[in-house]
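Just below is one structure, and these are the notes that go with it.
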Amino acid sequence: MQELLALLQAAGHTDFRDARGPMGFNQRQAAGRMTRDEAAAFIEQLEAEAYDRAEPFTPAPTGRPSADEATLQRLASPLLAAELQRRGWLVIEP
């Protein structure tokens, strides 16, 4: 229930009653009383909506790359990938 309430608040609602209309809660659910299956379904719905709203990250274009960015651009891709893997990152080709 706490996870569902946190997701509702992230979506802009103050509590279950406030989300009653938009989420389609019945009176019992708006009072915060629901089965596990009902709560899981609402959590899944809210997570799917949040995922749909999320926009992919695109860095703002800059005029000149910083010194670090210039150094990274000069590195060979296999060398950079090997260093990232050594540091614990998972690396896959695009």
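The values are calculated or read from the model by the stated rules, or taken from the named source; none is laboratory data. Treat the numbers as computed from the prediction; the structure is a model and nothing was measured. Here the Cβ is made from the backbone with ideal geometry for all residues, glycine too, and neighbour counts use every protein chain on show.
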Over segment 6-16, the set of residues part of a loop (DSSP other than H, G, I, E, B) and surrounded by fewer than 12 Cβ atoms within 10 Å (Cβ to Cβ) is 12, 14
Counting only helices (runs of 4 or more DSSP H) wholly inside segment 17-65, the ones holding at least 1 residues that are modelled with pLDDT under 85 and out of contact with any strand residue (DSSP E or B) (no Cβ under 8 Å at 6 or more places or on another chain) are 36-53
Picked from segment 73-87 (must be at pLDDT below 90 and charged (D, E, K, R)), the residue farthest from the chain's Cα centre (by Cα) is 74
Residues of segment 71-90 being surrounded by 10 or more Cβ atoms within 10 Å (Cβ to Cβ) and assigned to a loop (DSSP other than H, G, I, E, B), in sequence order, are 75
When segment 17-41 is checked residue by residue, the ones that are crowded, with 16+ Cβ neighbours inside 10 Å and closer than 20 Å to residue 51 by Cα are 19, 23, 39
